[in-house]
Amino acid sequence: DFGASRLYLSLYFAMTGLHGAHVAIGIIVITILMLMIKFKAPSITDYIPTEMVGLYWHFVDLVWIFLYPLFYLLPH
């Protein structure tokens with residue numbers, strides 16, 4: 001069915017595109033955090049910024065664990 005194929009492809013590209021955008025954001029934030037730690041930024045006084053970036057990154061990773069089987073392993 002053409003309508004079902006269009007819906008599948010629309011969702012596929014939207015979800016993988018959003019996931020890719022969040023991965024890019026995560027890479028940028030991790031790089032900024034690494035530079036702040038390297039140059040001893042005054043705002044980095046404890047582990048909380050590192051913990052928050054780690055939580056964000058693992059959330060993005062967790063979403064992919066659900067997207068992969070949804071789009072690649074389920075029949076469409």
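Of note:
- Which label in [x] -0.39, -0.75, -0.80, -1.07; [y] -0.45, -0.78, -0.82, -1.05; [z] -0.48, -0.77, -0.82, -1.06 gives the computed log10 I(q)/I(0) by the Debye sum over Cα atoms at q = 0.12, 0.18, 0.19, 0.24 Å⁻¹: [z]
- In degrees, nearest ten, helix 2-38 long axis to first principal axis of the chain (Cα): 10 degrees
- Between helix 48-68 and the chain: long-axis angle, C-alpha atoms, 0 to 90°, nearest 10: 10 degrees
- Protein accessible area in the stretch 11-50, 1.4 Å probe - carbon and sulfur %: 80 percent
The values are calculated or read from the model by the stated rules, or taken from the named source; none is laboratory data. Keep in mind it's a predicted model, so treat the numbers as computed, not measured. Heavy atoms of the whole protein, side chains included, go into the accessibility calculation; ligands, DNA and RNA do not. Shrake-Rupley method; radii C 1.70, N 1.55, O 1.52, S 1.80 Å.
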